[in-house]
């Protein structure tokens, strides 16, 4: 898919496979800049084999937006097989676009590509969360889906606090 960035620029949206470890690393670096959290995304990256296994598996999807050979946007998420019915959901875990390329349809292009991939795999719903105060994300997701107000809790693994 190509979409206009400006009169002279365009971008390509691509689903990553096992051969795309370098692009996955570039996407991680872009997430670090986009989320202002470079330590999390670049400080302890896994080895190439780990990333290859993740990219070729059935439960993880990475999609990048490229301007030439540069990763300017990315989406990463997980296929969640359900137990109550023989179906799966998809959770968008990370989605970011380089600051200089925002508001040009790149995030929408990433999600549109995911929608086609999800339909081809028989995934019945895609879901994502946004934080209060992240108005651009809320506006994007409101444009593309139905808003549900929920509470999110992080529970640390380990021994019980009781």
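The values are calculated or read from the model by the stated rules, or taken from the named source; none is laboratory data. Note that the coordinates shown come from a computational prediction; the quantities given were computed from them, not determined experimentally. Glycine also receives a Cβ, built like all others from the backbone with ideal geometry; neighbour counts cover every protein chain displayed.
Quick notes on this one:
- Condition check for residue 76: surrounded by 14 or more Cβ atoms within 10 Å (Cβ to Cβ), within 21 Å of residue 138 (Cα to Cα) and in contact (Cβ under 8 Å) with a residue 12 or more places away in the chain: yes
- Residues of region 118-136 that are in contact with a strand residue (DSSP E or B) (Cβ under 8 Å, 6 or more places away or on another chain) and crowded, with 16+ Cβ neighbours inside 10 Å: 118, 123, 126, 128.
- Restricting the first member to region 92-115 and to residues that are free of Cβ contacts under 8 Å to residues at least 12 places away in the same chain and at negative phi, and the second to residues that are surrounded by fewer than 22 Cβ atoms within 10 Å (Cβ to Cβ) and part of a helix (DSSP H, G or I), the beta-carbon pairs closer than 9 Å and six or more apart or on different chains are 115/144.
- The residues of region 47-73 that are in contact (Cβ under 8 Å) with a residue 40 or more places away in the chain and touching a strand residue (DSSP E or B) at 6+ places or on another chain (Cβ under 8 Å), listed by number, are 61, 62, 63, 64, 65, 66, 67, 71, 72, 73.
- Selection within region 15-43 - in contact with a strand residue (DSSP E or B) (Cβ under 6 Å, 6 or more places away or on another chain), surrounded by fewer than 19 Cβ atoms within 10 Å (Cβ to Cβ) and without any contact (Cβ under 8 Å) to a residue 60 or more places away in the chain: 26
- Strands (runs of 3 or more DSSP E) contained in region 1-100 and holding at least 1 residues within 13 Å of the chain's Cα centre (by Cα) and farther than 22 Å from residue 125 by Cβ: 10-15, 60-67, 70-81, 88-97
- Which listed residue, of 87, 104, 147, is over 20 Å from residue 16 (Cα atoms) and touching a helix residue (DSSP H, G or I) at 6+ places or on another chain (Cβ under 8 Å): 147
- Picking from residues in region 122-162 that are over 17 Å from the mean Cα position of the chain (by Cα) and at pLDDT 90 or above, the one that is nearest to residue 93 (Cα to Cα) is 124.
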